[in-house]
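S.K.: Sharing a structure, written as structure tokens. Questions coming.
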Amino acid sequence: MGYQIPLFNLNFDEREARAAYDTIKSGWISTGPKNAELEQMFVDMWKVKYAVSMSNCTDALHVCCMVCGFGPGDEVIVPSLTFAASANCIRYVGATPVFADIVGPDHINIDPTDIVRKITPRTKGIVVVHMAGFPAHMDEIMAIARKYNLKVVEDACHGPLSEYKGKKLGTIGDCAAFSFFSNKNISTGEGGMFITNNEEMAQKARLIRSHGMSTMSYQRASGHATAYDITCLGYNFRMDDIRAAIAIEQLKKLPGDLEIRSKVRKQYVDRLGKMEGVVLPFADNTEFVSNYILPVVLLGSNKERRNKIREYIHAAGIQTSVHYPAVHHFSTYKELGAVLPQTDYVTDNEITLPMYAALTEGQINFICDTFEQAVKEIK
Ligand SMILES: *Cc1c(COP(=O)(O)O)cnc(C)c1O
């Protein structure tokens, strides 16, 4: 709050307000027709067989781990340069996260060669995160998964409509999770989506979402069912129709929003791409991507200097962030004793600059001028 140029802004207007209002007026606000419509939009736009809406991405990831059959005694490989939920979901089902390193400052996604190094007879799966919406090395990761018989969960929170070799992120592994948290590309406040091409996983996900109940209340209210059974241990991971109605409007806007974000990124790349002492991760990317955030990494630097540079930029009225404080250093994960040199470097030297469609050319130039000045002045 209070920054002249915030890190992110909500792409909201009358349409989201109207959608929420209309749903409230419709008399049905819990999981119902708006959720069904949103799920169908995901099926159509992602060219995926099944989409099941969820209360948030953390729950969607929990469901992914359940339908993949991860459990006590199993190990699941995950990057540490991510939000904690990518690893927490593995622990919800009693399995153990095993952290793998990232490729390096120029590609801050999980390193397939380190995945192979971390495989043991207990390894059952991999949770892949597509940082900033840029695809991880999926061909290599899927080949490893086939060779060692591992399930692949895609944490695609950063990458709605991002592509990898013509396929949408989230449709390459066994199942995937998306977030509609307020600062994501699709914002509803809270919300999420589970997608898969596997019918059995989709059916299980639907049951887990609502207490393991064999019918939903909307089906009963609309006269399609009268009784229900509890067929497995489920949860309440449902999203209400007010949020689903907002998500539908957000999803309609998304392709246009991402086109503009691509131009914003290009302007950043033109200004900062050849700057000395700085690397823009994924500079060689040619795929269509969501550009969820704009990470930059300082070279030959350290944490103290990075923090000073951030303060300098903040003093100019520009908000920045760090993606991410590495998960393996958090108290609850320390005991695993992961050693991840590339992750350690990037977590200490990364700065996330503002990224959203409404940024003007003048604002981007001001951000780049300020950043360049900071990097030059602070040794
Ligand atoms: C935001 C985020 C999550 C959690 O999403 P919620 O919808 O807030 O639960 C998980 N993983 C990544 C990579 C995220 O960015």
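The values are calculated or read from the model by the stated rules, or taken from the named source; none is laboratory data. Predicted model only: the values in this text are computed from it and were never measured. Cβ coordinates were reconstructed from backbone atoms using ideal geometry, including for glycine residues, and neighbour counts include every protein chain displayed. Accessible surface is based on the protein model in full, side chains and every heavy atom, while ligands, DNA and RNA are left aside. Shrake-Rupley method; radii C 1.70, N 1.55, O 1.52, S 1.80 Å.
S.K.: Per the 1.4 Å probe, what fraction of the accessible area of the chain, in percent, lies on carbon and sulfur atoms?
M.R.: 52
S.K.: Which trypsin sites (Lys or Arg not before Pro) does the stretch 254-314 hold that lie in a coil by DSSP with at most 11 other beta carbons within 10 Å?
M.R.: Lys274
S.K.: Let me know the charge dipole size of the chain about its Cα centre in debye, to the nearest 20, where only the beta-carbon of Lys, Arg (+1) and Asp, Glu (-1) is charged.
M.R.: Once rounded to the nearest 20, the dipole reads 340 debye.
S.K.: Of the trypsin sites (Lys or Arg not before Pro) in the stretch 1-78, which ones lie in a loop per DSSP and count no more than 15 other C-beta atoms within 10 Å?
M.R.: Lys47, Lys49
S.K.: Looking at the square roots a ≥ b ≥ c of the eigenvalues of the Cα gyration tensor of the stretch 274-379, which shape do they give, rounded for a/c under 1.5, prolate if a/b is larger than b/c, or oblate?
M.R.: prolate
S.K.: DSSP beta bridges in the chain, what fraction antiparallel, as a percent rounded to 5?
M.R.: Bridges in the chain that DSSP calls antiparallel: roughly 55 percent.
S.K.: Something else: Please compute the contact order of the stretch 256-377 in relative form: average sequence separation of alpha-carbon pairs under 8 Å and at least six residues apart, divided by the residue count, as a percent.
M.R.: 35
S.K.: Cα gyration tensor of the stretch 165-291, axes a ≥ b ≥ c as square roots of the eigenvalues: rounded (a/c below 1.5), prolate (a/b > b/c) or oblate?
M.R.: Judged from the Cα gyration tensor, the stretch 165-291 comes out prolate (a/c at least 1.5, a/b above b/c).
S.K.: Still on this structure: Roughly how tilted is helix 303-315, in degrees to the nearest 10 and between 0 and 90, from the longest Cα axis of the chain?
M.R.: 90
S.K.: Further question on the same structure: Of the beta bridges DSSP finds with both residues in the stretch 22-134, what % are antiparallel, to the nearest 5?
M.R.: Percent antiparallel among DSSP bridges in the stretch 22-134 is about 20.
S.K.: Based on the alpha-carbon gyration tensor of the stretch 1-109 and its eigenvalue square roots a ≥ b ≥ c, which shape applies: rounded if a/c is under 1.5, prolate if not and a/b is larger than b/c, or oblate?
M.R.: oblate
S.K.: Give the cross-link partners of Lys266 among the aspartates and glutamates, using a straight C-alpha distance below 20 Å as the criterion and excluding same-chain residues fewer than 8 apart.
M.R.: By straight Cα distance, Lys266 reaches Asp106, Glu163, Asp257, Glu276, Asp284, Glu287, Glu350, Glu361, Asp369, Glu372.
S.K.: Compute the helix-to-body angle for 14-26: its Cα long axis versus the longest principal axis of the chain, expressed 0 to 90° and rounded to tens.
M.R.: Taking the Cα atoms of the chain, the angle to 14-26 is about 20 degrees.
S.K.: Could I ask something else about it? What are the extents of the Cα atoms of the chain along their three principal axes, listed from largest to smallest and rounded to whole Å?
M.R.: Largest to smallest, the principal-axis extents are 70, 54, 37 Å.
S.K.: Also, quick follow-up: Using only Cα atoms, find the angle between the long axis of helix 241-272 and the longest principal axis of the chain, and express it within 0 to 90 degrees, rounded to the nearest 10.
M.R.: The helix 241-272 is inclined about 20 degrees to the chain.
S.K.: Suppose all protein chains stay in the model; what accessible area per residue would a 1.4 Å probe give for the stretch 300-379, in Å²?
M.R.: Solvent-accessible surface per residue comes out at 47 Å².
S.K.: Next up: Evaluate the relative contact order of the stretch 220-328 (contact order divided by residue number), counting alpha-carbon pairs under 8 angstrom at least 6 apart; express in whole percent.
M.R.: Worked out over the stretch 220-328, it gives 16 percent.
S.K.: How many nm separate the modelled label positions at Ala225 and Tyr148, each set 7 Å beyond the Cα in the direction of the Cβ?
M.R.: Modelled inter-label distance: 3.8 nm.
S.K.: With every protein chain kept in place and ligands, DNA and RNA left out, what is the accessible area per residue of the stretch 110-254? Probe 1.4 Å, answer in Å².
M.R.: With all protein chains present, the stretch 110-254 gives 40 Å² per residue.
S.K.: In deg cm²/dmol, rounded to 500, what helix-only [θ] at 222 nm does the chain give when every DSSP H run of at least 4 residues adds -39500 (n - 2.57) and the total is split over its residues?
M.R.: It comes out at -12500 deg cm²/dmol, rounded to the nearest 500.
S.K.: Can you list the trypsin sites (Lys or Arg not before Pro) in the stretch 102-131 that are in a DSSP coil and have 15 or fewer other beta carbons within 10 angstrom?
M.R.: Here the trypsin sites (Lys or Arg not before Pro) that fit, given the DSSP loop and packing criteria, are Arg122.
S.K.: Among all the lysines, which ones have a C-alpha under 22 Å from Lys204's C-alpha, if same-chain residues fewer than 8 places away are not counted?
M.R.: Within the straight-line cut-off, Lys204 pairs with Lys34, Lys47, Lys49, Lys124, Lys151.
S.K.: Okay, moving on. With only Lys, Arg, Asp and Glu charged, each at its Cβ (+1 for the first two, -1 for the last two), find how big the charge dipole of the stretch 256-377 is about the Cα centre; round to the nearest 20 debye.
M.R.: 120
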